[in-house]
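Some notes on the structure that comes next.
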Amino acid sequence: MGSVLIDVNEEWMDMNFIDAASLRGVERSAREPEPPTPELLERARLIVVGAIEERRRAA
């Protein structure tokens, strides 16, 4: 699982989603973010498991 995540991370690092100009004037929020809900954590787990399975099939 770790090697799959490393490969995905390397692919994502090569992409440019946000450039520096679009971040000009953006400030960090002063309040702490809410902790993730159990539903959100389960959704994230399903997405990761799906990505791993897709990567295995492609290999």
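The values are calculated or read from the model by the stated rules, or taken from the named source; none is laboratory data. Note that the structure is a prediction, hence the values are computed from the model and not measured. Here Cβ is always computed from backbone atoms with ideal geometry, including for glycine, and neighbour counts include all displayed protein chains. Surface accessibility is based on the protein's heavy atoms, side chains included, excluding ligands, DNA and RNA. Shrake-Rupley method; radii C 1.70, N 1.55, O 1.52, S 1.80 Å.
Taking the residues in segment 11-59 that are acidic (Asp, Glu), part of a helix (DSSP H, G or I) and open to solvent by 100 Å² or more (accessible area, probe 1.4 Å) as candidates, determine which candidate is modelled with the highest pLDDT.
My answer is Glu39.
On the basis of being hydrophobic (A, V, I, L, M, F, W, C), in contact (Cβ under 8 Å) with a residue 24 or more places away in the chain and either in contact with a helix residue (DSSP H, G or I) (Cβ under 6 Å, 6 or more places away or on another chain) or outside any helix (DSSP H, G or I) (or both), does Val4 make the cut?
yes
Report, ordered by the first and then the second residue, all pairs with beta carbons closer than 9 Å, sequence separation of six or more or different chains, a first member in segment 31-59 that is closer than 18 Å to Asn9 by Cβ, and a second member that is open to solvent by 70 Å² or more (accessible area, probe 1.4 Å) and not in a helix (DSSP H, G or I).
Ala44/Pro36; Val48/Met1; Ile52/Met1
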